[in-house]
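Contents: one structure, followed by commentary.
The values are calculated or read from the model by the stated rules, or taken from the named source; none is laboratory data. Keep in mind the model is a prediction, meaning the values are calculated, not measured. Every residue, glycine among them, receives a Cβ derived from its backbone with ideal geometry; neighbour counts consider all protein chains shown.
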Amino acid sequence: MLLHVSDLIKTYRGPDGAVEILNGISMTMNRGETLALTGESGSGKSTLLHLVGGLDQPDGGCVDIDGVDICALDDASRAAVRRDKVGVIFQQFNLIPSLNVASNITFQARLAGVEDPDWTRNLTTRMGLADHMGKYPEQLSGGQQQRVAIARTLAARPALVLADEPTGNLDEGTADTVLDLMLTLVAETNAALLMVTHSERLAMRMGRRLRLRAGRVA
Amino acid sequence: MNAKVFFFLLFPFAVSAQGFAGLGLKDDSFATPQIPAIFDFPRDHGPHAEYRIEWWYLTSNLEAKDGTPFGLQWTLFRTALAPENGTGWSSPQLWMGHAAVTTADSHYVTERFARGGIGQAGVTAYPFEAWIDDWQLVGPDLNTLRMTASGPNFAYDMDLEALGPLIFHGNDGYSVKSAEGQASYYYSQPFYAVEGTLKLPDGDVQVSGTAWLDREWSSQPLSENQMGWDWFSLSLDTGKLMGFRLRQTDQTFYTSATWITPDGQTTAYPDGAFSAEPVSNVTVKGRTIPTQWRVTLPDRGIDVTVAAINDQAWMDTSVPYWEGPITVTGTHKGVGYLEMTGYE
Amino acid sequence: MRRPSLTMTGLHALLSHWWRNPIQLFTLVVGLSLATALWSGVQAVNAEARASYDAAAATLGEGEFEQITSDSGMILQADYVRLRRSGWLVSPVVEGQLDNARLIGLDPLTAPNGLGPVDMSNGQLTVDMLTSGVFFARQETLDLLGEYDISLVQSPDVAPGVILTDVGTAQRLLEMDGFLSRLIVAPAQPMNQVLFTDVTPKLTLRTPQNGTDVARLTDSFHLNLTAFGLLSFAVGIFIVHGAIGLAFEQRRPVIRTLRALGFPLRRLMALIAVELLALSLIAGAIGVGLGYIIAAALLTDVAATISGLYGASVSSTLQFRPEWWLSSMVIAVAGTGMAAATSLFQLSRMPLLASARPRAWAMQAGRGRMYQAGVAFGLLILAALLGLVGSGLIAGFGMLAALLIGAALALPVVLDRVLAFGTSRAKSVIIEWFWADTRQQLPGLSLALMALLLAMATNVGVSTMVSSFRLTFTGFLDQRLASEFYVYANDADQAAELQIFLTPRVDKVLPIQSVDQDIRGLPSEIYGPTAHATYRDNWLFLQSAPKAWARIESGEGVAINEQLARRGDIAIGDKITIAGKLFDVLGIYGDYGNPIGQVIVTEALFERLFPDSRALQFGLRMDPVDVPALTNELRNSFGLAETNMINQAGIKAFSLNVFERTFNVTGALNILTLAVAGFAILMSLLTLATMRLPQLAPVWAQGLTRARLGRIEIIRAVLLALLTAAFALPLGLALAWTLLAIVNVEAFGWRLPMYLFPMAYLRLAVFAMIAAILAALWPSYKLARTRPADLLKVFSNER
């Protein structure tokens, strides 16, 4: 088992007192699996994704990746898990603006010390980015930027790929192309893909679906 | 040369001047003029250390052979820090000399300072000599004088001969200056005939004309509410007129005048008989100064216009004032001198 | 309820930003205040330094006026009166030793300068002075005195060791009734004068002594201090500019919202202008106060100067002069105005819904940078041209300005290229990101970095200039005032007697012979000093032929001063004619301040060339402790006047002390300038911190800890400081060179040698680094403590 989430609780301290975002979520994923996380706005999809990615700390329960309980780790070790095991693709792409496309793509792989030039070249060619390697992020279109973000994540070959509305900012045609590429590449690296989406159409293309409502599995 | 220093020496007790040049200030340790005025000549031509302020003030209207008018001033002031003579450097008597030559377009002024007690400046009554540095007004007596002065750009050397008697102003020389009764001892010799040489940057000029000597001493000649004065000495075709008006803080004036016949008979006029009204002003050193006047003495049928020969005759000395020659037109004709003080 | 006006609503929204972010307001006000304080502090120190130097010059120079002296050292008071009555405007001086001080009596009514530094505007004091007697002196001089029935007035402007008083008082205390020591001749004399020799044939009329040398030297220092003042003005303007620019940047969202809500642009701009004016006035006022405190803390005469503020008795050097605080307020307001003008202009052109796109900003900055690079390059070329072909003081100052502004504008361009190079050469991914990210931040930091550059360059320049000046001046004093005591004889007979009298009493009598002669048509003086180690040790050449001293001592050649070399276009190896004979020029020495040319030959050669000349002047090498005793002996035995004897050891010690004080003050100011620049960096970093989260969050998400990001932040500040320092060093040296070799030559006709002080520069670089670390410490700590939730907001879909 690659991912084991049990009884995850996250509360947010708002102006009207504590609001429970996640209220005892449990789930598991294996390598090679794809899972769509759906639900209304505010149902806790993104929060779950962040907790799974070690980007935030839960108030209860635990997240176990590859046999390691990441909630029990200190900041530095959690950063190491992010670097080595997890790749995150955001809706806003969130590329590093000061680095060019080539450096952005290899960033995490080099950080984790697993850069594989052949794999990277393969990725960029198939993503149609080969002509854009020297450009800076804001010189690219949205679809191109998201492809860079996906390439960046997959270049490091993480075991677990997390995607938060990866095609939310793209038009439908581009979205389908990007998703196809992502699914193919995830399958090739035998990674698990956990994708947050509000689109039933996209969700149907994933192996499993998990619907959240008010912080619980519906 | 040391204007600031002397300014404070002249008015040691008041930086915010009481009247022009602190003359409205009272100091009980000094003597005050008494009535009746009794003079003892030639002794009284000399200094009176027990009074705070005193001057030997000579003004002269001159002409070159071609008729060009000139004005000339020679003045020695004495001021006392204390009513005593003292000796050497510690003498409290201080002296200041002003000399000026006025032409239609130039006005040359220079100033000297001296400490009493070391011989650098002083006055002796008989034989008469008044001096500061190389300037002197010297004669065997007041009737025959030689007058010299020099500055960086002018010098003069004049012989004076008195053609008439001394004149006593006010009440036989007791000249009242305000309604409160401030007064000074005041007499004049207005009958000098003058002849001599003016040395100017353009060369020497032989001149001749008349001169008027004022002698005055007091300890508090102005009242506290008097800001300054306008003083006229006029030599007219029918006689001579001395008149002044003291400007008071409430915009009123205190006037006084003496009419002098050619043979030296005098008539003193009380406050109000004489009047002087500015006709037009000029700007001199940033100040507004009236240099044309209407002067009247109805009792003598005098109604004349007085105009400065050079309206820029500003005495830019440590105690600044306006002093210059004038011409007189109207019911009477003549020349004279105008002095205006206290214009800030 | 009354509806609040539109203006009030807008003002409230603008001001609420400060209310919510008090630290930003604090940094803005502090930045403005510090810039103002720096300027007013420098002004105060300048004023104080000037006053001290003037006092030194007054002590060193024996007055700018002609003097009348007597062989006997005494002048009859009657002769004084006779001279006055002959049309000679002279003023009496009585001087002598009173206890351990030099008592100088003057007559304030006739002295050309009154009582010199003593303020006579207190009427009662003046009356007392002329009657019962008053002593004006520094407190430490007054402390030397025994009991006298005379009022004491503390006057910090009087030279040390001197008591000024009335001539009458001095006569009485020195028991000189009826006698004077000498007479000062007023510069303007009347038309009619009796010939001097007809009045007092026994007295001598002397032209002013060459004491003005030192005054000229200090003039040069004044000019350099002025330049320092202008430099600190530039630093101040930069810092104000930075602070205001950042205040706009920080409030961009508020402004955007207000505009989106339909607030009229014009009124918004007016509101901001008014708000900034008020802020700058407040900050300026704080800065003036702060500057005063700084100046007061830096100066040693504080007690005296502060009391001068409240006690009306004497003038003081450190006063709240109107021009002082006015110019400081101008810095604050004008600096704010300049900065606000650009920001308001940008605001007026800002698209309504412009979002923060940092890289786009950087790209745009990149296009602006091309233009900036062009201007910078043009200015630097102009500076070089002015240096090469320009002449005149204006060109010198123009060169300074072009150099400074050009270098400041060039800094971001150069740094950008250096960082791009670093990025391309980086092996590790983190280092590559570090370089690239640093480069991206450059536009936001460049104003602060320019301020740092100017501050450091100014410090390098000023410390080089000041230290070079000190070395030169002490060298000059050693050269010129090598002997402890100088005596001037009134005539040749007296000189012979003096030499016999002095020889057994001192270590060495060095006769100083001189004649005036034209060299290449230039008025010059030929000196023939006795060969003695004193000269060889102390006269340093600017240029010389090999073994110059040995050859000069053998009579082979001569040494000339720089003035003669420059004006006569004489180089080493050229020949000049002295008394009809040709001589090689073997050395050129610095002769700071001397208006005319000078030639040094050996004593033997001098006697051969001018057999009739006799030395009237003697330098005496002796124990400085014995100088006062010898002074008394000479006065009693030879009747020498004070002006005939100069205690150089005392003068030298005093002038060195004055210099030392100024140098300490300059050092303290250097640290202050750096602190202000460091503060500018802090402000910039704090502002950038919030804008930077979107850039940092992806890096964090991909596996870097917040603590590490914080550490990188400090390293970045140090790197930028070091790069700036590397750029500042040559700029500072160029500034110093311009001051010493261009401005000074144009102003005074001689060049100050430039010395380098590597340790001082190293120390400065360390200071700059410390300032950068201190500035980065807090932003870095804040970054390390950023909540993950704040970082995650970057990724949230509803941005």
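Miscellaneous remarks
- Selected residue (only one of B:Gly203, B:Gly196 is closer than 22 Å to B:Ala130 by Cα and free of Cβ contacts under 8 Å to residues at least 60 places away in the same chain): B:Gly196
- Subset tally (residues that are without any contact (Cβ under 8 Å) to a residue 40 or more places away in the chain and either under 30 Å from C:Gln440 (Cα atoms) or among the small types (Gly, Ala, Ser) (or both)) for the range C:722-760: 3
- Taken across the range C:586-595, residues that are within 17 Å of C:Leu502 (Cβ to Cβ) and surrounded by fewer than 23 Cβ atoms within 10 Å (Cβ to Cβ) do not occur at all.
- The number of residues in the range C:402-436 being closer than 17 Å to A:Ala102 by Cβ and free of Cβ contacts under 8 Å to residues at least 12 places away in the same chain comes to 8.
- Pick from the range A:46-74, criterion more than 10 Å from chain C (Cβ to nearest Cβ) and of a type in the set (D, E, K, R), ranking: farthest from the chain's Cα centre (by Cα): A:Asp59
- Filter result for A:Pro117 (of a type outside the set (S, T, N, Q) and under 18 Å from the mean Cα position of the chain (by Cα)): no
- Among residues of the range B:39-88, those that are outside any strand (DSSP E or B), within 14 Å of another protein chain (Cβ to nearest Cβ) and not basic (Lys, Arg), counted: 8
- Residue in the range A:143-166 that is surrounded by fewer than 23 Cβ atoms within 10 Å (Cβ to Cβ), more than 12 Å from chain C (Cβ to nearest Cβ) and free of Cβ contacts under 8 Å to residues at least 40 places away in the same chain present: yes
- Complete set of residues in the range C:106-130 that are part of a loop (DSSP other than H, G, I, E, B) and at pLDDT 80 or above: C:Asp107, C:Pro108, C:Leu109, C:Thr110, C:Ala111
- Of everything listed in (1) within 14 Å of chain C (Cβ to nearest Cβ); (2) among the polar types (S, T, N, Q); (3) surrounded by 24 or more Cβ atoms within 10 Å (Cβ to Cβ), the single unmet condition for B:Ser175 is (1).
Residues are listed down the side, and each one gets a yes or a no for (1) in a loop (DSSP other than H, G, I, E, B); (2) within 23 Å of A:Leu194 (Cα to Cα); (3) at the interface with chain C (Cβ under 8 Å from one of its Cβ atoms):
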residue	(1), (2), (3)
A:Ala76	no, no, yes
A:Phe93	yes, yes, no
A:Pro97	yes, no, yes
A:Asp118	no, no, no
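- Among the residues of the range B:199-237, those that are surrounded by 21 or more Cβ atoms within 10 Å (Cβ to Cβ) and farther than 29 Å from B:His332 by Cα comprise B:Trp217, B:Ser218, B:Ser219, B:Gln220, B:Pro221, B:Leu222, B:Ser223, B:Gln226.
- Checking each residue in the range A:169-191 for being outside any helix (DSSP H, G or I) and surrounded by 17 or more Cβ atoms within 10 Å (Cβ to Cβ) picks out A:Asn169, A:Leu170, A:Ala191.
- Residues being facing another protein chain (nearest Cβ under 7 Å) and within 46 Å of the chain's Cα centre (by Cα) - total across the range C:694-706: 1
- Residue within the range C:714-721 that is crowded, with 19+ Cβ neighbours inside 10 Å, within 14 Å of another protein chain (Cβ to nearest Cβ) and touching a residue at least 40 places away in the same chain (Cβ under 8 Å) present: yes
- Of note, C:Ala283 does not satisfy the criterion of being buried (at least 21 other Cβ atoms within 10 Å of the Cβ), outside the structural domain of C:Ala451 (by TED's automatic domain parsing), at pLDDT below 75 and not acidic (Asp, Glu).
- Top-ranked residue in the range C:80-115 [being among the polar types (S, T, N, Q) and closer than 14 Å to C:Phe65 by Cα; ranked as nearest to the other protein chains (Cβ to nearest Cβ)]: C:Thr110
- Of all residues making up the range A:192-202, the number that are part of a loop (DSSP other than H, G, I, E, B) and either crowded, with 22+ Cβ neighbours inside 10 Å or β-branched (Val, Ile, Thr) (or both): 1
- First in the range B:260-287 and farther than 22 Å from B:Leu241 by Cα and free of Cβ contacts under 8 Å to residues at least 24 places away in the same chain, second anywhere and surrounded by fewer than 14 Cβ atoms within 10 Å (Cβ to Cβ) and of a type in the set (S, T, N, Q), Cβ under 6 Å, 6 or more apart: B:Asn281/B:Thr288
- Looking across the range A:90-132, the residues that are more than 21 Å from C:Arg425 (Cα to Cα) and either of a type in the set (Lys, Arg) or without any contact (Cβ under 8 Å) to a residue 12 or more places away in the chain (or both) come down to A:Asp118, A:Arg121, A:Asn122, A:Thr125, A:Arg126, A:Ala130, A:Asp131.
- Residues being touching a Gly at 6+ places or on another chain (Cβ under 7 Å), surrounded by fewer than 22 Cβ atoms within 10 Å (Cβ to Cβ) and either assigned to a strand (DSSP E or B) or more than 9 Å from chain C (Cβ to nearest Cβ) (or both) - total across the range B:112-126: 4
- In the range C:779-797, the residues that are more than 16 Å from A:Gly42 (Cβ to Cβ), in a helix (DSSP H, G or I) and facing chain A (nearest Cβ under 10 Å): C:Ala784, C:Pro788, C:Leu791
- Qualifying positions in the range A:106-141 - closer than 25 Å to A:Arg82 by Cβ and among the β-branched types (Val, Ile, Thr): A:Thr106, A:Val114, A:Thr120, A:Thr124
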